[in-house]
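Worksheet for the structure shown next.
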Amino acid sequence: MVKKIGIVSLSSGILGESFISHELKIGVDRLNKYGIEVKFLPNALKGMDFIKEHPESRAKDLIEAFKDDSIDMILCAIGGVDTYKLLPYLFENNELERHVKQKIFLGFSDTTKNHFMLNKVGIKTFYGQAFLPDICELSNEMLPYTKKYFEELITTGKIKEVRPSDCRYKEREDFSEKSIGVDMEKYENTGFELLSGKPVFTGKILGGCIDSIYDIFDNSRFEDTVSLCKQYDLFPSLDEWKNKILLLETSENKPEPKLYRKMIGALKEYGIFDVLSGVLVGKPQDEVYYEEYKQILLEEIGDKDLSIVYNINVGHATPRCIIPFGVEAEVDVDKQVIVFDN
């Protein structure tokens with residue numbers, strides 16, 4: 001049972017801005033109701049400018065959260081764009097490796113790169129939710145499907161299985177105080193969809209937001225992502241990807257089909273699709289480009305035998321499940337379930 005959560009801002013520093021203080025209060029109250037003590041790591045609330053300018057402080061908070069034995073779970077505030085800048089501060093002098101120990105780490109979006117960092121030092125992590133987007137949900141309750149997985153994680157320390165959500169939501173546009181207590185618009189959701197390959201396959205899962213993964217191969221967003229990620233071997237080798245399941249989901253930027261094709265193409269060129277046991281693809285936010293992405297996956301990957309499962313409720317489309325990285329998983333599309341062997 002989680003008794004104390006350490007909240008870190010490893011990417012964006014938005015959590016420290018006054019315009020979201022009403023959301024922060026909702027989130028802290030919710031966690032307190034579970035009997036959980038909340039600790040904001042020293043730099044987590046210093047705001048967007050400070051966090052942007054001080055990657056070393058973000059890295060320090062992550063190390064501190066691992067060192068503090070009273071913290072059972074490390075929860076990311078939100079994603080962002082530049083968490084790759086933590087690499088030198090975590091990997092020079094084996095800083096991260098010297099201090100990590102197995103504890104719950106949960107985040108998504110740009111945090112994808114932090115998952116890869118922790119994977120490098122042998123830590124199993126959890127992908128799919130974060131403090132601001134999920135715990136601080138402005139409705140009177142957390143979204144039921146999201147809440148179910150969060151509660152399972154804080155009470156058992158693991159996730160046993162993931163099934164599809166029976167509904168999906170239209171994403172909020174207004175996060176002001178006016179939206180407190182206002183429910184999100186709800187639509188019916190279809191289940192997991194098999195695009196190719198066998199309906200049952202196994203492997204350990206790793207991956208995350210394709211926009212963040214693409215930065216590892218492409219310098220359009222920042223001129224040093226490719227060189228830094230290469231310098232610290234952030235992306236696993238093909239050998240390490242062997243028989244794994246790759247998780248991919250798209251950000252709130254809703255990449256246009258042309259860009260999505262480039263992103264999938266970069267992974268194809270790397271050779272990853274030749275060694276995987278399967279691919280899981282998250283539902284696009286608001287189902288924008290839902291059919292186009294499907295088409296691109298089939299055309300670009302082009303391997304009829306590789307299992308590709310589409311429309312997983314994880315990442316940037318609400319509601320969100322939680323997917324454990326680094327534990328054996330069995331995906332069964334016929335039974336509409338992913339079971340984890342914890």
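Just for region 205-248: of the residues that are aromatic (Phe, Trp, Tyr) and more than 15 Å from the chain's Cα centre (by Cα), which one is nearest to Phe116 (Cα to Cα)? Reasoning before the result, please.
Step one: filter region 205-248 for residues aromatic (Phe, Trp, Tyr), giving 214, 217, 222, 232, 235, 241.
From what is left, the residues that are more than 15 Å from the chain's Cα centre (by Cα) are 217, 222, 232, 235, 241.
Numbers: Phe217: 14, Phe222: 18, Tyr232: 11, Phe235: 7, Trp241: 12 Å.
The residue in question is Phe235.
Conditions first: (1) closer than 18 Å to Leu15 by Cβ; (2) of a type in the set (Gly, Ala, Ser); (3) in contact (Cβ under 8 Å) with a residue 60 or more places away in the chain. Ser70 passes all but one, so which condition is the exception?
Looking at each condition in turn, Ser70 falls short on (1).
Yes/no per residue for (1) in contact with a strand residue (DSSP E or B) (Cβ under 6 Å, 6 or more places away or on another chain); (2) closer than 17 Å to Phe131 by Cβ:
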site: Lys60; (1), (2): no, no
site: Ile63; (1), (2): no, no
site: Lys67; (1), (2): no, no
site: Asp72; (1), (2): yes, yes
site: Ile78; (1), (2): no, yes
site: Thr83; (1), (2): no, yes
site: Leu86; (1), (2): no, no
site: Phe91; (1), (2): no, no
site: Asn94; (1), (2): no, no
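Please verify whether Leu118 is of a type outside the set (Lys, Arg), open to solvent by 20 Å² or more (accessible area, probe 1.4 Å), out of contact with any Cys (no Cβ under 8 Å at 6 or more places or on another chain) and not in a loop (DSSP other than H, G, I, E, B), treating the condition exactly as stated.
Numbers: of a type outside the set (Lys, Arg): yes; open to solvent by 20 Å² or more (accessible area, probe 1.4 Å): no; out of contact with any Cys (no Cβ under 8 Å at 6 or more places or on another chain): yes; not in a loop (DSSP other than H, G, I, E, B): yes.
The answer is no for Leu118.
Step by step: first the residues of region 163-179, then only those that are assigned to a loop (DSSP other than H, G, I, E, B) and hydroxyl-bearing (Ser, Thr, Tyr), then the one that is nearest to the chain's Cα centre (by Cα). Which residue is that?
Among residues in region 163-179 that are assigned to a loop (DSSP other than H, G, I, E, B) and hydroxyl-bearing (Ser, Thr, Tyr), the one nearest to the chain's Cα centre (by Cα) is Ser165.
Are any of the residues in region 92-110 loosely packed, with under 15 Cβ neighbours inside 10 Å, of a type outside the set (Lys, Arg) and touching an Asp or Glu at 6+ places or on another chain (Cβ under 9 Å)?
No; the residues of region 92-110 include none that is loosely packed, with under 15 Cβ neighbours inside 10 Å, of a type outside the set (Lys, Arg) and touching an Asp or Glu at 6+ places or on another chain (Cβ under 9 Å).
Name the strands (runs of 3 or more DSSP E) wholly within region 272-342 that hold at least 1 residues that are modelled with pLDDT of 95 or more, aromatic (Phe, Trp, Tyr) and in contact with a Lys or Arg (Cβ under 7 Å, 6 or more places away or on another chain)? Before the answer, list the steps.
On the way: elements: 278-282, 307-312, 328-332, 337-341.
Of the strands (runs of 3 or more DSSP E) lying wholly inside region 272-342, those with at least 1 residues that are modelled with pLDDT of 95 or more, aromatic (Phe, Trp, Tyr) and in contact with a Lys or Arg (Cβ under 7 Å, 6 or more places away or on another chain) span 307-312, 337-341.
If the Cβ limit is 7 Å and pairs must be 6+ apart or interchain, which residue in region 172-183 that is under 16 Å from Ile14 (Cβ atoms) pairs with which residue that is open to solvent by 70 Å² or more (accessible area, probe 1.4 Å) and outside any loop (DSSP other than H, G, I, E, B)?
Listed pairs, sorted by first residue: none to list.
Yes or no, residue by residue, for (1) charged (D, E, K, R); (2) in a helix (DSSP H, G or I); (3) open to solvent by 50 Å² or more (accessible area, probe 1.4 Å); (4) on the phi > 0 side of the Ramachandran plot:
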position	(1), (2), (3), (4)
Gly181	no, no, no, yes
Leu194	no, no, yes, no
Gly203	no, no, no, yes
Ile213	no, yes, no, no
Cys229	no, yes, no, no
Leu246	no, no, no, no
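Could you figure out which of (1) in contact (Cβ under 8 Å) with a residue 12 or more places away in the chain; (2) basic (Lys, Arg); (3) within 21 Å of Thr146 (Cβ to Cβ) isn't true of Lys25?
Just one mismatch for Lys25, condition (1).
Here's a check for you: in region 121-141, which residue that is farther than 21 Å from Thr156 by Cα and in a helix (DSSP H, G or I) is least open to solvent (accessible area, probe 1.4 Å)?
Leu132
Among the residues of region 99-120, write down those that are within 18 Å of Gly6 (Cβ to Cβ) and not polar (S, T, N, Q).
Correct list: His99, Val100, Lys101, Lys103, Ile104, Phe105, Leu106, Gly107, Phe108, His115, Met117, Leu118.
Can you name the residue in region 284-318 that is on the phi > 0 side of the Ramachandran plot and open to solvent by less than 20 Å² (accessible area, probe 1.4 Å) and is also farthest from the chain's Cα centre (by Cα) among such residues?
Out of the qualifying residues, it is Asn311.
For Thr146, indicate whether it is β-branched (Val, Ile, Thr) and either open to solvent by 10 Å² or more (accessible area, probe 1.4 Å) or closer than 17 Å to Ser212 by Cβ (or both).
Here the answer is no, as Thr146 does not meet what is asked.
With respect to Glu256, is the statement that it is open to solvent by less than 30 Å² (accessible area, probe 1.4 Å) and of a type in the set (Asp, Glu) true?
The answer is no for Glu256.
Are any residues in region 231-244 crowded, with 19+ Cβ neighbours inside 10 Å and outside any loop (DSSP other than H, G, I, E, B), and if so, which ones?
Trp241
Taking region 319-336 as the search range and keeping residues that are out of contact with any Ser or Thr (no Cβ under 6 Å at 6 or more places or on another chain) and open to solvent by 10 Å² or more (accessible area, probe 1.4 Å), which one is farthest from Lys268 (Cα to Cα)?
Lys335
The values are calculated or read from the model by the stated rules, or taken from the named source; none is laboratory data. These numbers come from a predicted model, not from an experiment. Glycine gets a Cβ as well: all are built from the backbone with ideal geometry, and neighbour counts include every protein chain shown. To get the accessible areas, we keep the full protein, side chains included, count just its heavy atoms, and leave off ligands, DNA and RNA. Shrake-Rupley method; radii C 1.70, N 1.55, O 1.52, S 1.80 Å.
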